[in-house]
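The values are calculated or read from the model by the stated rules, or taken from the named source; none is laboratory data. Predicted, not measured: the structure shown is a model, and the values here were computed from it. So basically every Cβ, Gly included, is an ideal-geometry build from the backbone, and we count neighbours across all protein chains shown. Surface accessibility is based on the protein's heavy atoms, side chains included, excluding ligands, DNA and RNA. Shrake-Rupley method; radii C 1.70, N 1.55, O 1.52, S 1.80 Å.
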Amino acid sequence: MILTKEEYCLFNIKSKIQLIEKDGRFITRRVCSDLYLITFYQIYGFYVETIYEMSTFKTLSADPVINIDIMQLYPPPLRQMNSIA
Amino acid sequence: MSQKSIIETVNQIANHAKNNGIAHLNTQDQSLTQNVITLNNIETVNFGSCSYLGLEFNDKVKEAAKAAIDSYGTQFSSSRAYVSPIYYSQLEDKLSQIFDAPTIVTPTTTLGHIAAIPTLVSNQDAVILDHQVHNSVQTATAIVKSKNTHVELLRHNRMDLLEQRIIKLKEKYEKIWYMADGIYSMYGDATPVDEIYALMDKYPEFHFYVDDAHGMSCFGKNGRGYVLADRKIHPQMVVATSFAKAFATGGGALIFPTQEMAQLIRNVGGPMITSGPMQPSALGAAVAVADIHLSDAIKTYQEDLQENIRYTNMMLKKYDLPNLAESFSPIFFIAVSLPKVAYDIINRLKDDGFFLNIGIFPAVPIKNTGVRFTITRLHTFEQIENMVKAMAYHYPIVLEEHGITKSEIFKAFKMTPPEEKEAIVKVKQLVNQSQLNIESYSTIKKINEEEWNDHLGDNGTFDWKGLLLLEESFSKNELEHQNWIFDYIIIRDNNRKIVLATFLTTALSKDDMLMNKEVSYEIETVRLKDPSYMTSQTLSIGSPLTEGNHVYVDNDSKLAKGAWDLLLQKMSSIQEERNITNIIIRDLPNNDDNLDNYMIDNGLFKSAMPENCKITDLNWKDEETYFSNLSKNSKRHFRKNVTRNEHFFNTEIKSNLDDNEMQLYYELYVNTKNNSLALNTFKLPFKLFKNIAKDENWEIVSITLKPAFDDREIKKPIAMALCHKGRLNYTFVIAGLDYEFNTEFSSYRQLLWRIVERAGSTGYNNVNMGYTSTIEKRRFGAKIVETCGYMQVKDNYSLEALGTMSTSKTSEYDTNKRRILPI
């Protein structure tokens, strides 16, 4: 069942990860400064970005993407997908 | 409701649930790790656990339990009054930190109530029980009630009424104890704690005893529960809690405002002295769980649970299931209405791998049956969505199979209905689906006299003309309770053959009709100011004045069950249309298991009927022959109480009387009615007597004293019986007595004898002698006819309030014979 972006945001990070694992679709991933693994997902018709801190093995956030321009930071396959869409 | 009726009904419902495969189940797993249990060879996700935080699988807790066994063995068998294992003091210290108040550990929450309530509450105090307070609190309150402490019931969570009762009761009692649950176990709703604290601040006499079993661990600082949450315990309150739910170890605790009070219960609370202690394993585990509560980990567990609750609420809303529960609580309740629908939904979900519970009478009114389930921290979102999705799939299918509409469910639960008049549409649908046709009339005049009498005319006083008399007598009266609405139902097959025929009346009835006279006396004093107090609109098969089998059913017809379905649906639609509280189907044969199950499935629970007396083989020749057929004891009784007194009386058979003469008999009836609070009914209108006086099918057996024995200036009858002359039966319907003469002359016994004599001498072989006075009537050759009734009550409050008012003086008759008696 689809949640709205507002409903998704009511959950804490642990639950958000559970929702992503259950209902999300992996799009792409990038590494930032060799410290963070940043992953892009599509879920319930919107996008979320998770930030994983490699040194602590913790996911720091799993929030909806506010500015779609953020996609420019990802490797080409995502941009291509977006242009096709 | 009386204890005996409760036991019978609950037993019947539990057996039925067991037979339907949803209760008294056993797991098949040799070991469990999380929330999957195997039932009937199917792995099911457990949505029935009250271990809301899943702490039973916590490694530290399990290790602590094992270590305690290693250290102390499987038990430490000594009363705590003598010596307790070390874990007790450790646990009580930690609990006192958790609750920030003196705390004692009890073997179970129920035993905690039994230790605390009789010690805290004296017979100078009054107890107000919330209507939905847990059964264990009610059990403990019964102990103080037996010591003459005033106990009464309050409508659920009605703080406005609570304050009114405090103001009233504090004039007479030293302390007023309000007893409630923190979180209620069926709908998961909460007691309004802030308002109760305000009342305690306002009224020093007001005290609060609360069972926070379902709130423990899930809520509040250090998991101290819903009630205390972030509050300090009030000096006028006591909290009981449980370790058998989210705390996950078994046992319970009592939390007090002062050390003195805690010590008092520890010293004198019965189970604190005489009951066995908790086992070392449970105590060791409890110490470990207390440590978790005192750490930050408890916050994480609570948050995890709340996330699951949030997700469940979202899913229920999105899948459009009628959830009655509070949004923050781990207890959910899906409105279903009838037990048979809940059984089917729960069974289908079980087959799909989800175990859920039923919420059924007496926890909720029987027509408010629902699917109850709980959410724990161990559930995954996937499990939750899969379960809700499965329920959303089965729910409408089962509803359709049972012919239940959403509108009916919404109305049963007082939710906003999606569509009006859907129940009426439902009757039409049922008719279309079956090979049956239903006819409904508001007067007997529209029904063929011969056809009615052929099917129902010989079952009592409700032949065609008898019903016409009732219609005319119970209409256009000034008093509301003397006006009844009649409905005649005839269901035919496609060949126009009658499959079922009956009549119904809608009438105001007194809820205490069959309660003991002390209760009725108390209620009548309130009715002087508020005549509608504890009265209910009741839709009943038959009428309050008739008795006997009121339902003709062609049991040879394959359509008989369908006809019953149609009748019940019709009754439901009348109930909705007229906003009727109770439905009663009565005078049906007793000991019919199939019928019992059918009625429970349809939301009607069985209720005992008073014993009815009937002479079926009078074979009258003369008085001598009748006497010779009596038993030895009855002969002795007859000689001593009837023959010996015969010379005092004149007996006359009266009919076609004028109003003045009939008024004398009416006065006798009123006299009897006013002396019969044990059978507390509304007064019959004089119009009925006037109509009877002119009806050829009725007569009066009138007894007067011979002038030599009557020293009154105005000679008047001293006993009378209004009797109906049917085709096959002679029926004694209404009695009237002047009690001044009854003791000296045994006039009631003389009356019974003259009724039998009149029936015999006019050729009747069957005499209906009616309810009550069964011992007397049996002495005249009557036999007991056992029948039963089935009830559906929209709101349990009145039933339970009456049960609370019922005193220990309640006789077996009063407790056993519920409210289905005709006048």
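Quantify how strongly other chains surround peptide B:378-384 by giving the mean number of their Cβ atoms within 10 Å of each of its Cβ atoms.
Details: counts 0, 0, 3, 7, 5, 0, 0.
So the per-residue partner count for this stretch is 2.
Subtracting the Cα-Cα distance of B:Ser89 and B:Lys558 from 0.36 nm times their residue separation leaves 161.9 nm of extension gain. Relative to its residue count, segment A:5-73 spans a Cα convex hull of 82 Å³ per residue. Bridging of B:Lys168 to aspartates and glutamates at a Cα separation below 14 Å is possible for B:Asp125, B:Glu152, B:Asp160, B:Glu205, once same-chain residues fewer than 8 apart are set aside. So what's the gap between the Cα centers of segment B:271-339 and segment B:554-631, to the nearest angstrom? Cα centroid of segment B:271-339 versus Cα centroid of segment B:554-631: 45 Å apart.
Would you mind working out the accessible area per residue for the protein assembly as shown, using a 1.4 Å probe, and quoting it in Å²? Please report the intermediate quantities before stating the final value.
Details: 38780 Å² over 908 residues.
Dividing the accessible area of the protein assembly as shown by its residue count gives 43 Å².
As a quick test, which of the pairs B:Lys60/B:Lys299; A:Lys14/B:Lys318; B:Lys445/B:Lys510; B:Lys406/B:Lys561 have an alpha carbon distance above 25 angstrom in this structure? List each step's numbers first, then the result.
Working: B:Lys60/B:Lys299 17 Å; A:Lys14/B:Lys318 22 Å; B:Lys445/B:Lys510 29 Å; B:Lys406/B:Lys561 23 Å.
Cα-Cα > 25 Å for B:Lys445/B:Lys510; rest within.
For B:Lys350, a cut-off of 20 angstrom between C-alpha atoms picks up these lysines, skipping any fewer than 8 places away in its own chain: B:Lys18, B:Lys340, B:Lys389. Any idea what log10 I(q)/I(0) is at q = 0.18, 0.29 Å⁻¹ for segment B:566-626, Debye with uniform C-alpha scatterers and no solvent? Calculated log10 I(q)/I(0) at the listed q: -0.78, -1.26. For segment B:678-711 versus segment B:147-191, the inter-centroid distance based on Cα atoms is 46 Å. The angle between the Cα long axis of helix B:86-99 and the longest principal axis of the Cα atoms of chain B comes to about 80 degrees, rounded to the nearest 10.
Only Cα pairs under 8 Å and 6+ residues apart enter the sum, and on that basis the relative contact order of segment B:701-767 stands at 31 percent.
Taking Cα atoms only, the orientation of helix B:59-72 departs from the longest principal axis of chain B by about 90 degrees.
Using the Cβ-Cβ distance between B:Ser761 and B:Ala14 with R0 = 56 Å, the FRET efficiency computed as 1/(1 + (r/R0)^6) comes to roughly 0.60. Projecting the Cα atoms of B:Ser295, B:Ala246, B:Gly112 onto the charge dipole of the protein assembly as shown (Cβ charges, centred on the Cα centre) puts B:Gly112 farthest toward the positive pole.
Can you tell me the FRET efficiency between B:Glu451 and B:Glu472 if r is taken as the Cβ-Cβ distance and R0 is 25 Å, rounded to the nearest 0.05? Can you show the working numbers first?
Numbers: r = 21 Å, r/R0 = 0.84.
So the FRET efficiency works out to roughly 0.75.
Peptide A:10-19 shows a mean partner chain C-beta count of 4 within 10 Å per residue C-beta. Here's the list of lysines a cross-link from B:Lys706 could span, going by alpha-carbon distance under 19 Å and ignoring same-chain residues fewer than 8 apart: B:Lys654, B:Lys715, B:Lys716.
On chain B, 47 percent of the accessible area sits on carbon and sulfur atoms, based on a 1.4 Å probe.
Estimated from helical segments only, the mean residue ellipticity of chain A at 222 nm is -8000 deg cm²/dmol, where each DSSP H run of four or more residues counts as -39500 (n - 2.57).
When the P(r) is computed for the protein assembly as shown, the part past 58 Å accounts for 23% of the Cα-Cα pairs.
Counting only Cβ charges, +1 for Lys and Arg and -1 for Asp and Glu, the dipole size of chain B around its Cα centre is about 1200 debye. Near B:Asp344: Cβ cut-off under 15 Å, other residues only, Lys/Arg at +1 and Asp/Glu at -1. The net charge is -2. Per-residue ellipticity at 222 nm from helix content only, as computed over chain B with -39500 (n - 2.57) for each DSSP H run of at least four residues, stands at -12500 deg cm²/dmol. A P(r) calculated from all alpha carbon pairs of chain B, with 10 Å bins opening at zero, reads 2, 12, 19, 21, 18, 13, 9, 5, 1, 0 percent. For segment A:5-73, the relative contact order comes to 24 percent (Cα pairs under 8 Å, sequence separation of at least 6). Between the listed residues B:Asn674, B:Cys723, B:Ala693, the Cα displaced farthest toward the positive end of the dipole of segment B:651-723, a dipole computed from Cβ unit charges relative to the Cα centre, is found at B:Asn674. For B:Glu524 and B:Lys221, a Förster radius of 60 Å and the Cβ-Cβ distance give a FRET efficiency of 0.75, rounded to the nearest 0.05. Only bridges with both residues in chain B count here: give the DSSP antiparallel percent, nearest 5. The antiparallel fraction comes to roughly 75 percent. Restricted to Cα atoms, segment B:24-121 shows a radius of gyration and a Dmax of 17.7, 50 angstrom. Relative to the dominant Cα principal axis of chain B, helix B:3-19 is inclined by about 70°. Distance between the 7 Å Cα→Cβ label points at B:Ile775 and B:Gln164: 4.2 nm.
For segment B:511-630, a crude dipole built from +1 on the beta carbon of Lys and Arg and -1 on the beta carbon of Asp and Glu, taken about the Cα centre, is about 380 debye to the nearest 20.
Suppose a student asked you for the relative contact order of segment B:634-714, using Cα pairs under 8 Å spaced at least 6 residues apart; what percent would you report?
On the way: 55 pairs, mean separation 39.5, N = 81.
Dividing the mean separation by the residue count of segment B:634-714 yields 49 percent.
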